[in-house]
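The structure appears below as structure tokens.
Nothing in this text is a laboratory measurement; each read-out follows from the coordinates by a stated rule. Quick caveat: nothing in here was measured; it's all calculated off a predicted structure. So basically every Cβ, Gly included, is an ideal-geometry build from the backbone, and we count neighbours across all protein chains shown.
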Amino acid sequence: MAAGDFLSRVEHISLADFAKGKVQSVQDYALLSLQALGNLFKRPLYVADMVQQADLIGFGSLRIVLAACFFTGAALALNSATTLGRFGALTVIGQLVSIGIVRELGPVLAGLVVAGRNASGMASELGSMVVTEQIDAMRALGTDPVKKLVTPRVVSTIFMMFFLTILGDLLGLIGGNIVASGLLGLDSHEYWSSAWQILVFSDVFMGLTKPIVFGFIIATVGCYYGLTTKGGTQGVGRATTEAVVAAMILIIAVDVVVTRLLMVVFGL
Amino acid sequence: MPTLPLEQTAAASQPPAGDAVVFEDVVLAFDRATVLDGVSFRLARGETKAIFGVAGAGKSTILKLAMGLLKPDSGRIHALGEDITHMREQELFELRRKIGMVFQEGALFDSLTVRENVAFRLIEEGGIPEEQIERRVREALSFVELEHTIDMFPSELSGGMRRRVAIARAIIAQPELLLYDSPTGGLDPVTSTTIVELIVKQRDVYKTSSLLVTHRLQDAFTMASHRFDRKTNHMQPVASGGRNGIRMTFIVLREGKVIFDGDEYELAHSKDEYIREYIS
């Protein structure tokens with residue numbers, strides 16, 4: 001009985017510590033995010049670092065985002081064709097691919113791909129700097145690591161996610177068009193005109209708001225896990241994995257929230 | 001060794017009066033494990049203080065506290081006349097411009113060249129002309145005899161060279177206080193002597209106050225018994241028993257407490273069994 005009491009006490013303490021740790025993490029993450037945004041109004045702005053990060057994040061992710069969106073657009077057209085064919089509505093395939101890609105799949109796919117590639121990169125880079133005391137050295141040299149390292153990454157990721165999503169949307173529609181005209185024998189002109197005409201302002205607005213939110217999530221989560229790395233090289237590996245998992249889960253969850261919010265705003 | 005590039009400015013270097021660092025009953029714990037337990041000491045301006053202790057005794061923690069990189073759980077810390085105990089990070093950035101720190105493994109930014117590493121502080125301050133930055137970088141690298149590495153990356157340097165670049169980075173803004181975290185740790189005896197000579201040179205030429213963490217007793221005793229001779233550009237032993245103006249003291253840490261604070265004579269003649277065993 002005494003042993004049972006002891007174990008329950010240990011469990012109770014560890015659960016309390018666990019909860020406290022999680023609340024602390026959320027608080028630290030929120031503070032880091034606010035600080036990263038607040039730094040936009042302070043000098044210096046580290047424009048050169050922003051450009052360098054934009055190159056790494058944007059152009060580095062271009063191929064994989066385009067490929068993911070292209071093949072998803074093609075697969076979406078193929079899958080839709082079976083159902084639409086039953087109702088003799090194959091001609092609306094352009095509308096379906098367009099709405100699906102622009103409103104939902106384009107931003108989410110780009111977000112997940114960029115998260116996989118860059119949240120991990122940021123976490124491992126900053127994590128390595130933490131364990132080799134480079135972050136402490138930067139602070140010791142009178143430079144704010146959040147301003148120098150986090151803010152440029154946040155700005156660049158948001159900026160590049162916006163344009164990567166636009167290009168991804170285009171490639172998704174091209175993928176759908178290749179399937180529609182090449183395999184299903186639909187007229188290419190009809191595909192593009194129906195895909196274009198179905199889109200209204202709210203669809204485009206929704207599709208271009210999400211990458212901004214996702215870009216913010218990817219950069220802040222990647223940097224947060226990097227800057228809170230503990231435990232040497234093993235810790236860097238752990239931080240990298242956790243950053244990708246957290247960024248992906250957040251993107252998917254926030255996508256639902258943003259979609260619902262914008263639907264309310266546009267009265268959909 | 002090449003001649004000193006900054007001799008003109010050094011000639012006028014005299015430390016201002018007062019204390020460079022003051023610890024008053026500082027306590028710090030990590031995850032319920034007490035690292036420092038009521039640590040108190042003073043580092044006078046122009047003085048060099050070596051901190052001894054076994055691994056995990058809290059030596060490096062003292063340097064990070066003095067730099068404001070960590071906050072104590074209780075007690076007070078003053079650096080260069082300012083109470084930094086509860087100072088905000090933004091205010092600390094200003095103060096840190098007057099303090100240089102050499103980290104255990106150098107902590108050079110591996111994505112930057114030696115030039116960019118050494119110039120980091122000056123570039124960040126902004127408003128300094130490019131030519132002036134270049135001149136000061138070359139002066140600092142010449143001080144540590146590594147001018148030829150200016151375009152290299154840290155990964156291309158040996159361990160000793162990285163420490164010397166770290167020293168150049170720390171001294172480029174001519175700080176009032178220098179913190180050395182095991183600058184000779186893991187280095188061969190010849191390279192260690194070079195690093196010790198650089199620290200002695202900085203101490204005797206610029207009169208910079210320093211806190212030095214080290215495992216190597218012989219390095220600290222060498223510093224206490226040698227002066228930098230500007231004629232020969234090498235350190236020379238002082239006459240036996242004489243101090244010849246060297247202001248060097250030692251503290252020994254044991255289980256988070258300061259068990260000794262005094263000069264090398266007092267340390268060598270300490271009756272404390274732990275200290276006797278430690279220095280034997």
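Some observations on this one:
- Residue among A:Met138, A:Met248, A:Met122 with the largest mean-square fluctuation in a Gaussian network model of chain A, springs linking Cα atoms under 10 Å: A:Met138
- Put simply, the Cα atoms of chain B extend 53, 47, 37 Å along their principal axes, the longest span coming first.
- Going from the residue with the fewest nearby Cβ atoms within 10 Å to the one with the most, B:Asp219, A:Asp144 rank A:Asp144, B:Asp219.
- Prolate/oblate/rounded label for segment A:22-162 (Cα gyration tensor, a/c 1.5): prolate
- Ratio of Rg to Rh for segment B:108-174: 0.93 [Cα atoms; Kirkwood radius as inverse mean 1/r over pairs].
- Highest-MSF residue in chain A out of A:Ile57, A:Ile217, A:Ile174 [GNM, Cα springs under 10 Å]: A:Ile174
- This ranking places A:Phe266, B:Phe228 by how few other beta-carbon atoms lie within 10 Å of each, fewest first, which gives A:Phe266, B:Phe228.
- Test item: Cα-centred dipole of the protein assembly as shown, Lys/Arg +1 and Asp/Glu -1 on Cβ, debye: 240 debye
- Phi-derived couplings, Karplus 6.51 cos²θ - 1.76 cosθ + 1.60 at θ = phi - 60°, listed residue by residue for segment A:142-150: x, 10, 7, x, 5, 5, 7, 10, 7 Hz, with x used for Gly and Pro.
- For the peptide A:128-136, the mean number of other protein chain Cβ atoms found within 10 angstrom of a residue's Cβ is 5.
- Å³ per residue enclosed by the Cα convex hull of segment A:45-266: 127 Å³
- FRET efficiency for B:Ala239 and B:Thr193, using Cβ-Cβ distance with R0 set to 22 Å, rounded to 0.05: 0.60
- For the Cα trace of segment B:22-142, dividing Rg by the Kirkwood Rh returns an Rg/Rh value of 1.02.
- Under 5 Å, built H, 5+ apart or other chain: amide partners of B:Lys49: B:Ser210, B:Leu211, B:Leu212, B:Thr249
- When the Gaussian network model of chain A links Cα atoms closer than 10 Å, the mean-square fluctuations of A:Thr143, A:Thr229, A:Thr165 top out at A:Thr143.
- Anchor A:Lys210: aspartates and glutamates whose Cα lies under 18 Å away (excluding residues fewer than 8 positions away in-chain): A:Glu104, A:Asp169, A:Asp255
- Its Cα gyration tensor gives the protein assembly as shown an equivalent ellipsoid, and the semi-axes of that ellipsoid, as √(5λ) in whole Å with the largest first, are 58, 28, 18.
- Over 18 Å (Cα to Cα) - which of A:Lys42/A:Lys147; A:Lys20/A:Lys147; B:Lys98/B:Lys207; B:Lys201/B:Lys231; A:Lys20/B:Lys59; A:Lys22/A:Lys148 fall in this group: A:Lys20/A:Lys147; A:Lys20/B:Lys59; A:Lys22/A:Lys148
- Each Lys and Arg Cβ is given +1 and each Asp and Glu Cβ -1; about its Cα centre, chain B then shows a dipole of about 460 debye.
- Proxy reagent accessibility, fewest Cβ within 10 Å first, across B:Glu176, B:Glu116: B:Glu116, B:Glu176
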